[in-house]
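Just below is one structure, and these are the notes that go with it.
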Amino acid sequence: MCDGTADPAFHVVDDVWQGQSLDGMFISVHSKQYAVASLFHALGPDRAALLPGWCGNFLLTSAEVRTYLPRVEHALSFSTAERALADAQDWLHYAKGEESVLDGPLRVWRAAAQSGLGLCGVALHLS
C-alpha cells in the first residue's frame, strides 16, 4: 500500500523476510535500548551520515542499493585500530559464532548489489 496506511495483514517481524535465504539476511538482537543509536555512536557522525534511511530503517530498490553501496562500504570499513575501538563498545557484545553488526550489514548490502536486489532495513524496539 502506498496511501500511508498499513495493511493489517502485514507483519514486519514475519513478512519482510518470508521466503528469504539466511545468506541474504542479517538479524541482530541486542538487549540495550536504541541499539542503532549505539551503532551510530560507534561509527561516529561522519560515517553514520553516509548510511541511507532513518536510524536503521530503509526500503531501497536495487538501483538505490547499487548507488549507496560505495557510501555504505566507506561507513562500515575500518582500519585495525578503528575496528578495535568499535568492538570495544559495551553494547556490541555478541555470542561466539554470531556475526557482528559491524560485518553483517555490509555483507548483505554487497550480496544484494551483486544479485540486483533491493534491501529493507528495519530497527525494532520490542518490549
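The values are calculated or read from the model by the stated rules, or taken from the named source; none is laboratory data. Because the structure is a prediction, the values reported are computed rather than measured. Positions of Cβ are backbone-derived with ideal geometry, glycine not excepted, and every protein chain shown enters the neighbour counts. Surface accessibility is based on the protein's heavy atoms, side chains included, excluding ligands, DNA and RNA. Shrake-Rupley method; radii C 1.70, N 1.55, O 1.52, S 1.80 Å.
Summary of values
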read-out	value
Radius 13 Å from Cβ of residue 116, net charge of other residues (Lys, Arg +1; Asp, Glu -1)	+1
Long-range HN-HN contacts of residue 59 with modeled amide H, under 5 Å	121
Solvent-accessible area of residue 120 with every protein chain in place, 1.4 Å probe, in Å² to the nearest 10	60 Å²
